[in-house]
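**Student:** A single structure is presented below for examination.
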Ligand code: F6R
């Protein structure tokens, strides 16, 4: 895994934006894998800026998000569909029908997972997957212990993940207990992976990722085995290396 060391969050976002812009410039019908959470917000802000300056178009791009909470409809402000619309999709020329997230209110969640996998396969798999890093090493919502060959599936969120995400909700009890997530196997099939990490609170996780063993107990460690994965991390995130 390559490591790009940057000064801070803004530079991390700029470097990620540059990689994404080059990807789309080279191949305008790229399939992008996207994440939510705090980490990629700066990247999305940069991408919107590039689009508004006329430097890039998303007209032929297809996107697949990593995950969605179970039980939150698309118009719920805490759903990841809502987040993506607010933070990126509604500001760029990416047609809605080319954006995919798992449907957290599907009647049959298992079927939804199978269908999501089939959609990714049908699109020719993901060219460039953006990931954030959970404090417990999760990628997507693949919590510690998730098998490396897992496909899109329903997960029980760890208490630590629910606590970490409670900041977005009115009350910690409102954080859903389940989510749908691409599996580790699905993520590893992406042709290129860019993992973004910023801030001192992720420093232990980054240390474990870079120096620790490859184990299902720390899901991001499997990225060490991907042949085109890049970690873009800022000085604070790298401070314990
Ligand atoms: C979000 C996702 C999660 C986050 C991770 C880090 O779609 O899949 O794995 O990337 O929880 O979250 P933040 O960026 O909020 O620290």
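All of the numbers you see were taken from the coordinates with simple rules; none came from a lab. Predicted, not measured: the structure shown is a model, and the values here were computed from it. Cβ coordinates were reconstructed from backbone atoms using ideal geometry, including for glycine residues, and neighbour counts include every protein chain displayed.
**Student:** Compare 167, 151, 114 in a GNM of the chain, Cα atoms joined below 10 Å, and give the one with the largest fluctuation.
**Tutor:** Evaluated over the chain, the most mobile residue of the options is 167.
**Student:** Across segment 48-174, how large is the tail of the calculated P(r) beyond 22 Å, expressed as a percent of all Cα pairs? If you can, show how the numbers build up before the last one.
**Tutor:** Values: 3349 of 8001 pairs.
Roughly 42 percent, rounded to a whole number.
**Student:** How are the C-alpha pair distances of the chain spread across 10 Å bins, as whole percents from the shortest bin up?
**Tutor:** Percent of pairs per bin, in order: 8, 34, 40, 18, 1.
**Student:** Post the alpha-carbon centroid distance, segment 40-77 to segment 123-170, in whole angstrom.
**Tutor:** 18
**Student:** Taking neighbour Cβ counts within 10 Å as the exposure measure, how do 223, 196 sort from fewest upward?
**Tutor:** Result, fewest neighbours first: 223, 196.
**Student:** Per residue of the chain, what 222 nm ellipticity follows from adding -39500 (n - 2.57) for every DSSP H run with n ≥ 4, rounded to the nearest 500? Can you show the working numbers first?
**Tutor:** Numbers: 7 runs with 73 residues, N = 241.
Estimated from H runs of four or more residues: -9000 deg cm²/dmol.
**Student:** Order of 153, 138 from fewest to most other C-beta atoms within 10 Å? Spell out each step's value before the answer.
**Tutor:** Working: 153 23, 138 27.
If I rank by nearby Cβ atoms, fewest first, I get 153, 138.
**Student:** For a quick check, take a GNM of the chain with Cα springs below 10 Å and name the residue from 170, 60, 85 with the largest mean-square fluctuation.
**Tutor:** In this elastic network of the chain, the residue with the biggest mean-square fluctuation among 170, 60, 85 is 170.
**Student:** Quick check on the chain: of the DSSP beta bridges with both residues there, what percent are antiparallel, nearest 5%? Please report the intermediate quantities before stating the final value.
**Tutor:** Values: 8 of 31 bridges.
Here the antiparallel bridges make up roughly 25 percent for the chain.
**Student:** Between 213, 117, 11, where does the largest GNM mean-square fluctuation fall for the chain, given springs only between Cα atoms within less than 10 Å?
**Tutor:** Between 213, 117, 11, it is 213 that shows the largest mean-square fluctuation.
**Student:** Given 4 °C and 1.567 mPa s, compute D for segment 1-45 with the Stokes-Einstein relation, Rh being the Kirkwood radius over Cα pairs; round to the nearest whole µm²/s. Let's see the in-between values first.
**Tutor:** On the way: Rh = 11.5 Å.
The Stokes-Einstein estimate is 112 µm²/s.
**Student:** By counting other Cβ atoms within 10 Å of each Cβ, how are 20, 1, 56 ranked from fewest to most?
**Tutor:** On the way: 20 24, 1 17, 56 21.
In increasing order of surrounding Cβ atoms, one gets 1, 56, 20.
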